[in-house]
Amino acid sequence: MGEHESQITVIGPDTKIKGEMTFERTARILGKFEGKVTTAGELQVGSSAQCQAALEAGTVIVDGTVEGDILARERVQLNGSARVIGDVVAEKLIVAEGASFSGHCRVGPEAVKQASSPKSPVHLPEAAPEAKPTVVTKPTGPKFDWVGQGVGAEASKPAWSPAARPAEGAA
C-alpha cells in the first residue's frame, strides 16, 4: 500500500473552522466546522463533531451532528449516534438504529446523476421556515419518510413501515 493511499486528514476535536475545505482523499472531522466540505474520497464526521455545512463526497459516514445538505456519489451512512438535519442525495443510504434524520432524501444512481449535473441542477425542496425538525430521543430506530425506489433485488422487498417492524425481543 502506497504512502498516499492511507493518508487521512483529521480536523481535531479542539478545532473550529469556518469556510470551504477541499480534500482529495479521506477527511475526518472531530471538531466544529461551518461552511462547505468537498472530497472525492470519504468524509467521516466523528461523534464529537458539529458541522453546519454542505457536505459533498464519494462516501459520507456520520457519527456526530450535521446541519446541512449531504451529496454522496456512493453512499451516506448514518450510524447510531448520528444527528442529521438537512437533505440527503446518495446512491445508497444506510441508517442505523438510533440515528436521527430530519430532511428529504433522494436515493439511487439517477438521483446522484441529477444532483451532480451542472447543466440541469436539481434543488431539493426546502422546509417551511416555521417547520421545526423532530429529533428522536429514544433508541427506537430511525424515523424518516422514504423517498426513492429500490434497485435490483431490493426493489422486490416491501417498503419499511412501523407496522412491518418486528416486535421487541423477536429474533
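The values are calculated or read from the model by the stated rules, or taken from the named source; none is laboratory data. Quick caveat, the model's predicted, so the values are computed rather than measured. Glycine also receives a Cβ, built like all others from the backbone with ideal geometry; neighbour counts cover every protein chain displayed.
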Log entry, pairs with first residue in segment 82-100 being over 14 Å from A54 (Cα atoms), second being crowded, with 19+ Cβ neighbours inside 10 Å and among the charged types (D, E, K, R), beta carbons closer than 8 Å, six or more apart or on different chains, reads A82/D63; A99/R83; S100/R83
Considering segment 4-37, residues that are more than 15 Å from T65 (Cβ to Cβ), touching a Ser or Thr at 6+ places or on another chain (Cβ under 6 Å) and surrounded by fewer than 16 Cβ atoms within 10 Å (Cβ to Cβ), and then whichever is modelled with the lowest pLDDT, we arrive at I8
The residue that is surrounded by the most Cβ atoms within 10 Å (Cβ to Cβ), considering only those in segment 86-104 that are within 13 Å of V76 (Cα to Cα) and of a type in the set (D, E), is D87
Of the residues in segment 52-109, those that are over 22 Å from T26 (Cα atoms), in contact with a Ser or Thr (Cβ under 8 Å, 6 or more places away or on another chain) and of a type in the set (S, T, Y) come to S102
Flagged in segment 105-125 as at pLDDT 50 or above and surrounded by fewer than 17 Cβ atoms within 10 Å (Cβ to Cβ), in numbering order, are P109, E110, K113, Q114, S116, S117, P118
With criteria (1) surrounded by fewer than 17 Cβ atoms within 10 Å (Cβ to Cβ); (2) in contact (Cβ under 8 Å) with a residue 40 or more places away in the chain, Q52 comes up short on (2)
Those residues of segment 24-75 which are farther than 16 Å from V10 by Cβ, of a type in the set (S, T, Y) and over 13 Å from the mean Cα position of the chain (by Cα) amount to T38
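For segment 141-148, check the following and say yes or no: at least one residue is at pLDDT below 95 and assigned to a strand (DSSP E or B).
Yes; the residues of segment 141-148 include at least one that is at pLDDT below 95 and assigned to a strand (DSSP E or B).
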